[in-house]
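Asks: Please read through the structure below; I'll follow up with questions.
The values are calculated or read from the model by the stated rules, or taken from the named source; none is laboratory data. It should be emphasised that the depicted structure is a prediction, and the values quoted were computed from it without experimental measurement. Neighbour counts are summed over all protein chains in view; Cβ atoms, including those assigned to glycine, are modelled from backbone coordinates with ideal geometry. These accessible areas exclude ligands, DNA and RNA; they are computed on the full protein's heavy atoms, side chains included. Shrake-Rupley method; radii C 1.70, N 1.55, O 1.52, S 1.80 Å.
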Amino acid sequence: MLMKFILAKCQNQIYLSQFERKIIDEIYAHRIHFFINSLFFIQLNRTFRKALGSKQKALTSSVMTYKEKSTVEKTVLPNGLTVLSEFVPTVRSVSVGIWTNTGSRDEDKSNNGMAHFIEHLVFKGTKNRNFVEISRSLEQVGGYLNAFTTKERTCFYARVLDEFLPTAVDVISDLVFHPTFPKEEVEKEKDVIIEEIKSADDTPDDVIHDDFDKLLYGEHPLGFPIGGTEKSVRGITRKMALDFMQERYTTDQMTLAAAGHVKHETLVKLAQSFIPDRRNPKRPNRTGFPMKAYQKKEREVKKPIQQAHLLLGFPFSRSDKDYYAMNLLNTILGGGMSSRLNLELRERHGLAYSVFSSFLTSDETNLFNVYIGTDKNKLDKSEKLIYQELEKLASKAPSQKELELSKAQLKGGLIMAQESMSSRAGHLSQDFYYFGRFREIAEVIDEVDSVSASDIRTLASHLFDRSKFSVLKYLPKK
């Protein structure tokens, strides 16, 4: 229900809460994380488990390989823009987007929320279109236009039939390079975003993730909420927004990525036609998070709520060699209905409706956490059982059957995501930013298959040291 609700909001361009935006980011960008971290996977996993039934062995092996060879091409233009495309001959649609390497971690306290604010404002008018013309530009040809902001990226994207790709690139480029930020719209949009922030504040299982980031990262920008605070948003001016965009939204830090029925040479020509040269040699460098600065913290917050909420976890240095092992570990522990946390805390003990773990990746850090919402009188027991499950995984390797099932879940999600052109386009950009190259699905599946049960246990024993875990609790006021 949650995922259907979020997707319905996206289709209608209704403003999303921060937690919903995180899930949508996973859908369009992190294909692996989507099937691990989003609550939609809870429902998908139940269906998948039933489908396995007595044919589990045969179905597990059926997702072991992926033979389709992608047709990914890359061109770097003189203005520094990286053009990425993947030709899929079996579809008529194209998903295309401009990704800029700018997000909330590129802000400071005084302008926190700026990237998200700009994401909103560009739709209010450009030098070539007013807000009505923008809204109709792709809808009138059966397409879809939207944008999202994360801690590290902002994406402006569209989905259209292949014949309307020039229109899509034209409109997206117009939003990114020619916004006017009408003064009256700047003030009006502040009110809209502040209502969005208040809406998130009224959703404890949403806002706890933002508060947990603040607890972990302190004053570092990774701890800033993507939407900003009411104070920081109120303080943003039109000039600040224009300056931030001119300084940060530079073509040498952007990708134009498209997947679907698109020829690479066509996309390159469109980029040359619509995207100007905007480079800034003085563009500020991103401030890295010094892992030595991390210290375990515990905090309890009293709120006017009925249910208690718990989030525990820690950041750790990014290591790509453990990337797939960590994804599988997370799947086993808290990635679905058959995960250990769900079976133990929900099915066996009836302690919660929602319990899951998450593994998130940024430029230089990873973040692991476990969330549960439960009755305040059951919180201590829930926390104890969560740590017990962590300790079990750290002390004993999962069975081969459990490992193969988690691999089937992960690979099945990856392969099914190939049916989404938006997912493919997001994969192009995210691989470029995170890994510096495109990874074939067959390569990813081989990496997943190479992970052993002992790899999972070794990683868990290294990570799951209780002294590392920070804890944030929301407790109902008496």
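Asks: With Rg and Dmax of the Cα atoms in Å in mind, check (1) 20.4, 64; (2) 25.4, 88; (3) 22.2, 65 and report the label derived from this structure.
Replies: Derived directly from the coordinates: (3).
Asks: Once amide H atoms are placed 1.01 Å from N in the peptide plane, what residues at a sequence separation of 5 or more from THR365, or on another chain, have their amide H within under 5 Å of its amide H?
Replies: Counting only residues 5 or more places away or on other chains, the set is ARG318.
Asks: From the backbone phi of the stretch 204-218, what are the Karplus-calculated ³J(HN,Hα) couplings (6.51 cos²θ - 1.76 cosθ + 1.60, θ = phi - 60°) in whole Hz, Gly and Pro given as x?
Replies: Using θ = phi - 60°, the values come out as x, 6, 8, 5, 4, 5, 5, 5, 5, 4, 5, 5, 6, 9, x Hz.
Asks: What 222 nm value per residue comes from the helices of the chain, counting each DSSP H run with n ≥ 4 as -39,500 (n - 2.57) and dividing by all residues, nearest 500 deg cm²/dmol?
Replies: -14000 deg cm²/dmol
Asks: Mind pulling the angle between the C-alpha long axis of helix 2-11 and the longest principal axis of the chain? Nearest 10 degrees, somewhere in 0 to 90.
Replies: Value to nearest ten degrees: 0.
Asks: Here's a follow-up. Enumerate the amide H contacts of VAL262 below 5 Å, restricted to partners 5 or more residues apart or on another chain; note that Pro and chain-start residues carry no placed amide H.
Replies: Amide H to amide H, under 5 Å and 5 or more residues apart or across chains, VAL262 pairs with VAL88.
Asks: Could I ask something else about it? In degrees, nearest 10, range 0 to 90: what is the angle between the Cα axis of helix 165-177 and the longest Cα principal axis of the chain?
Replies: Long axis of 165-177 versus the principal axis of the chain: about 90 degrees.
Asks: Shifting gears a bit: Can you tell me the accessible area per residue over the chain, all protein chains present, probe 1.4 angstrom, in square angstrom?
Replies: Averaged over the residues of the chain, the accessible area is 42 Å².
Asks: Could you check how many percent of all C-alpha pairs in the stretch 206-299 are farther apart than 16 Å?
Replies: Roughly 72 percent, once rounded to a whole number.
Asks: Could you work out what % of the accessible surface of the chain is carbon and sulfur, using a 1.4 angstrom probe and leaving DNA, RNA and ligands out of the count?
Replies: Looking at the chain in its full context, I get 52 percent from C and S.
Asks: Counting other Cβ atoms within 10 Å, keep those with at most 14, restrict to DSSP loop, and tell me which GluC sites (Glu not before Pro) in the stretch 391-441 are left.
Replies: Those satisfying the criteria are GLU419, GLU440.
Asks: Working from Cα positions, state the angle (0 to 90°, nearest 10) between the long axis of helix 238-248 and the longest principal axis of the chain.
Replies: The angle comes out at about 80 degrees.
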